[in-house]
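Note sheet for the following structure.
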Amino acid sequence: MILIDIGNSRIKWGTADGENVRMLDAIDHGNQDFIGLIQRQWERLPKPGKVIISTVAADVIFLEIEHLISKIWPNTVLIKPVTQANAFGVINSYQNASKLGVDRWLALLALKKFYPECLACVIDCGTAITLDFIDGQGNHLGGIISPGIQLMKQSLLENTAALTLDGDEHFAGLATNTQAAIESGALNAAAGLIERCVKKQPDLEKIILTGGDAQLLSCFLDLDFIVENELILKGLAIYGQEAHG
């Protein structure tokens, strides 16, 4: 079974064999030749029995991926999960269940299965930073959405004259140049948001970080947490196995 997660910025994919999920790679779909880059990798994989794919990106990205799947793995079963109000032991807190992003919902499915019977939080550190809380009975308690680190920096670049950012330095102290000051501001804003929200839940037992900036942010958080890069892929695997056998 092939698992594909199309996020706001990247396409991540992996494989599932029972409960064993392995992330294989990720590519930025802002890259002009992202379909060609993905095709060269997917053509090396054995033809899967089914493909489970989630997306929060623009429809055109999904359609391009769907076409590629039919081209290199013809007649493969393609399954696209949708957020549900009550499924797999998770009770969605949104009045309109479908408005909870499918990526957030899949992460909650994985939390419920692999960290059961405890108050837990999943923090997805991607284009947006999302926090979602779930209790030991599977009730989604709600969540928070904030711009991610790159969006914060991009906002400054687009709305402030004569600013440029170069390099990949990650600095969270008092800065003596503009680039470092912007980097520090974004990192501290993200870390501060996460720590504040988590500390308002004093009985929290598990904190799971996932997403493209999870490893980066993990260096600046004063919390006990686990980094799970495959969390949404695990949610896809749960959906594929339990909903479709």
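What follows draws every value from the coordinates through simple rules; no lab data is involved. This structure is a prediction, so every number in the text was calculated from the model and none was measured. Cβ placement follows ideal geometry from the backbone for every residue including glycine, while neighbour counts extend to all protein chains displayed.
May I ask you to compute the full-extension gain from Asn86 to Ile144, defined as 0.36 nm times their residue separation minus their alpha-carbon distance, rounded to one decimal in nm?
Values: separation 58, 0.36 × 58 = 20.88 nm, distance 2.02 nm.
Between Asn86 and Ile144, full extension yields 18.9 nm more.
If the viscosity is 0.692 mPa s and the temperature 37 °C, what translational diffusion coefficient in µm²/s does Stokes-Einstein give for the stretch 86-236 when Rh comes from Kirkwood over Cα pairs? Could the numbers behind the result be given before it?
Working: Rh = 16.2 Å.
Estimated via Stokes-Einstein, D reaches 203 µm²/s.
When only DSSP loop residues count, what chymotrypsin sites (Phe, Trp or Tyr not before Pro) in the stretch 3-70 have their Cβ near at most 11 other Cβ atoms within 10 Å?
Values: sites: Trp13, Phe34, Trp42, Phe62; in loops: none.
Hits after loop and neighbour filter: nothing returned.
Using the basic label-point model (7 angstrom from Cα toward the beta carbon), what is the Leu223 to Lys71 distance in nanometres?
4.1 nm
For Ile38, what charge total do you get from the other residues with a beta carbon under 14 Å from its beta carbon, if Lys and Arg give +1 and Asp and Glu give -1? Mind showing how you got there, number by number?
Details: positive: Arg10, Lys12, Arg40, Arg44, Lys71; negative: Asp5, Asp25, Asp28, Asp33, Glu43, Glu64, Glu66.
In short, -2.
At Arg196 and Ile27, where each label point lies 7 Å from the Cα along Cα→Cβ, what is the point-to-point distance in nanometres?
3.9 nm
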